[in-house]
Structure formats: C-alpha cells, structure tokens
Amino acid sequence: MASTDPDLPRDSWVCSLAEEAEEEASNNKAMEEFLSTADKASLQKQRRMIKNRESAARSRERKQAYTLELECLVLQLEAENTRLLEEQAQIKRQRYNHLLHTIIPVIHKRKPRPMLRRLNSLPW
C-alpha cells in the first residue's frame, strides 16, 4: 500500500492508492482465475479417477464372470470326456469278446520250455 507521504500532493496520493487497488484487484482476479482453473482441473482429474475406478471394477466383474463360466465349461467337458472314455473302453471289450467267440478260434497252446542255447560269442 502507498504510504501517506506529506510531500506528495493529495491528488497524486489518491491516484497512487487507486493504482495500487487496481493492481491488487487484477492480481486477485488472476489468482481467482488460476484457482478456478486449478479447481476445474482438479475436479476433472477427480472425476476421471472415479470413472476409471468404476470401469476397472466393471472389468474385474466381467473377468470374474468369464472365469466362472470357463470353469463350469471345463467341469462339463471333463465329465463328458470321462463318460466317452468309459464308453470307448466298453466298446473295445465288447469287440474283443466278439472276435474271440465268433471269428478267431482260440487254441490254447502250451508255452515252450525255455532251452539253453549255445552262444557264439566265445571261441572254443
């Protein structure tokens, strides 16, 4: 603020006070604009962060639902695979029994006795 200088005429002292007041008002206005833009930017950033959190939460929920769906599908496919493997084994047994009884006559031969053999690895 301007000091009250007795050497200055009264009009110039009032003018200097007015100039200082104008300068202070413009500084205040600039500061308010800066703060308002900073507040706006801060609010926008905060909104963006909130939206991002919500989006991430929705994404996690979708991923969890998809994972549960895949786990359920895996259980179904494993059960079907087990059923088909059992069915295949049963069909193989039936086919083998059919071949044994109808097509190929089975003659049980005795296993030959093991014989000692002479090896040619050593010279006599």
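Results, tabulated for the structure shown:
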| item | result |
| --- | --- |
| Near-label residues of the stretch 33-62 by backbone N, under 18 Å of a point 7 Å along Cα→Cβ of Cys72 | 61-62 |
| Qualifying aspartates and glutamates (Cα of each under 15 Å from Cα of Lys63; at least 8 residues distant if same chain) | Glu54, Glu71 |
| Residues of the stretch 25-91: accessible area per residue with a 1.4 Å probe, Å² | 94 Å² |
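The values are calculated or read from the model by the stated rules, or taken from the named source; none is laboratory data. A quick note: this is a predicted structure, and the numbers were derived from the prediction, not measured. A quick note on method: Cβ atoms are made from the backbone with ideal geometry, for glycine too, and the neighbour counts reach across all protein chains shown. The area values use the complete protein model at the heavy-atom level, side chains included, leaving out ligands, DNA and RNA. Shrake-Rupley method; radii C 1.70, N 1.55, O 1.52, S 1.80 Å.
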